[in-house]
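The values are calculated or read from the model by the stated rules, or taken from the named source; none is laboratory data. A quick note: this is a predicted structure, and the numbers were derived from the prediction, not measured. Backbone-built Cβ (ideal geometry, glycine too); neighbour counts: all protein chains shown.
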Amino acid sequence: MDDATAFPHDLLAAERARRIAYQALAKGRPERTTTLRRRLLRLSAGVWFHPHWAARSSGVPAARVELRRRAHDDGRCAEGEA
């Protein structure tokens with residue numbers, strides 16, 4: 001894996017958790033909506049302002065897309081959807 005696609009474990013884990021929280025909210029009328037919204041907001045801010053992005057000199061938008069793709073792919077494998 002090269003530097004352009006190397007993500008810290010905590011950043012990747014936060015993106016996976018953000019995706020799960022978003023999916024839970026996307027379901028029709030979830031229980032604990034306020035709790036899920038707060039969790040999604042906290043996770044989104046943690047991903048967006050993670051120190052990893054400050055350390056990059058360029059290519060941040062493309063790297064954010066790659067992070068989302070990787071978290072999605074990892075989640076599918078974990079769920080057995082490969």
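Figures for the structure shown
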| quantity | calculated |
| --- | --- |
| Wholly within region 28-82, helices (runs of 4 or more DSSP H) carrying at least 3 residues that are of a type outside the set (Val, Ile, Thr), touching a helix residue (DSSP H, G or I) at 6+ places or on another chain (Cβ under 7 Å) and modelled with pLDDT of 90 or more | 33-48, 60-79 |
| Test: residue in region 8-24 that is within 17 Å of Asp73 (Cα to Cα) and part of a loop (DSSP other than H, G, I, E, B) | yes |
| Long-range neighbours under 8 Å by Cβ, at least six apart or interchain, first residue surrounded by fewer than 12 Cβ atoms within 10 Å (Cβ to Cβ) within region 27-48, second assigned to a helix (DSSP H, G or I) and not aromatic (Phe, Trp, Tyr) | Thr33/Leu25 |
